[in-house]
Amino acid sequence: MTKNAKNKYLSRFAELAKLGEIVFHSDDLANLWHITNKNTLYTTLKRYIEQGLLFRIYKGFYSIKPPAKIDPLLLGTKALHGYSYVSAESILAEAGMIQQEVPAVTLISGKTKKFSIADRRYYCRKLADKFLYQQNGIIMAENGVRKATRERAMADLLYFNPHAYVDASSAVDWKKVRILQKELGYRFTSKHYG
């Protein structure tokens with residue numbers, strides 16, 4: 001490797017390190033590295049993969065760690081390449097309110113999509129923008145993943161399925177769910193309020 005090529009290589013990975021991100025889309029890398037030619041970008045990515053410096057998750061989506069070693073919630077939200085958060089069944093199962101196995105990570109975004117990464121399944125539900133971008137009941141986890149609170153997850157689940165059943169409905173703060181539904185503009189699901 002020539003000195004110039006080595007310096008370019010080191011500066012590219014220094015730029016990645018500054019971002020603190022571990023997963024990237026190819027267009028993110030093109031912008032970061034100022035590569036406008038797609039052939040140059042894909043050749044560069046191919047070389048980095050062959051050297052074990054990057055991992056290809058799928059076409060156009062890469063990481064600096066093996067996908068199996070990355071938080072599955074982070075992988076799912078980053079794969080969507082847009083605003084999204086973890087909600088509904090995933091949050092309610094984590095809280096013990098749904099006790100059966102949830103087969104896929106449930107995400108909410110501006111599109112409907114089913115996909116798998118590293119033996120994990122994901123199901124993304126489409127929510128209208130007027131609801132999606134409201135921050136009520138959304139928290140940011142330490143890994144940078146947006147997650148719904150229990151109440152937002154319940155409100156989201158009822159938005160998509162007004163007849164949804166949860167095993168531990170007595171653990172749900174229905175008053176908070178109703179307040180959130182009103183704030184978000186969701187329809188009320190009166191049968192759940194006792």
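Within the set I57, I64, I22, I35, the sole residue that is in contact with a helix residue (DSSP H, G or I) (Cβ under 6 Å, 6 or more places away or on another chain), closer than 23 Å to V145 by Cα and not assigned by TED's automatic domain parsing to the domain that holds I91 turns out to be I57. Taking the stretch 51-64 as the range and being surrounded by fewer than 19 Cβ atoms within 10 Å (Cβ to Cβ) and within 12 Å of A118 (Cα to Cα) as the test, the residues that pass are R56, Y58. Filtering the stretch 139-184 to residues that are small (G, A, S) and out of contact with any helix residue (DSSP H, G or I) (no Cβ under 6 Å at 6 or more places or on another chain) leaves A141, G144, A168, S169, S170, A171. Q181 passes every criterion in (1) surrounded by fewer than 18 Cβ atoms within 10 Å (Cβ to Cβ); (2) part of a helix (DSSP H, G or I); (3) polar (S, T, N, Q) apart from (1).
Each residue in the stretch 121-138 was checked for being touching a helix residue (DSSP H, G or I) at 6+ places or on another chain (Cβ under 9 Å), free of Cβ contacts under 8 Å to residues at least 40 places away in the same chain and part of a strand (DSSP E or B), and 3 of them qualify. Of these, D173, D156, D129, D167, which one is over 26 Å from P72 (Cα atoms) and among the acidic types (D, E)? The match here is D173. Out of curiosity, is A88 more than 12 Å from A148 (Cα to Cα) and either in contact with a helix residue (DSSP H, G or I) (Cβ under 6 Å, 6 or more places away or on another chain) or hydrophobic (A, V, I, L, M, F, W, C) (or both)? Considered against the rule, which asks whether it is more than 12 Å from A148 (Cα to Cα) and either in contact with a helix residue (DSSP H, G or I) (Cβ under 6 Å, 6 or more places away or on another chain) or hydrophobic (A, V, I, L, M, F, W, C) (or both), A88 comes out as no.
Can you tell me which residue in the stretch 139-156 is farthest from V105 (Cα to Cα), limited to those that are in contact with a Ser or Thr (Cβ under 8 Å, 6 or more places away or on another chain) and crowded, with 17+ Cβ neighbours inside 10 Å? The residue in question is R152.
The values are calculated or read from the model by the stated rules, or taken from the named source; none is laboratory data. What you see is a predicted model; the values in this text were computed from it and never measured. All Cβ positions, glycine included, derive from the backbone under ideal geometry; neighbour counts span all protein chains shown.
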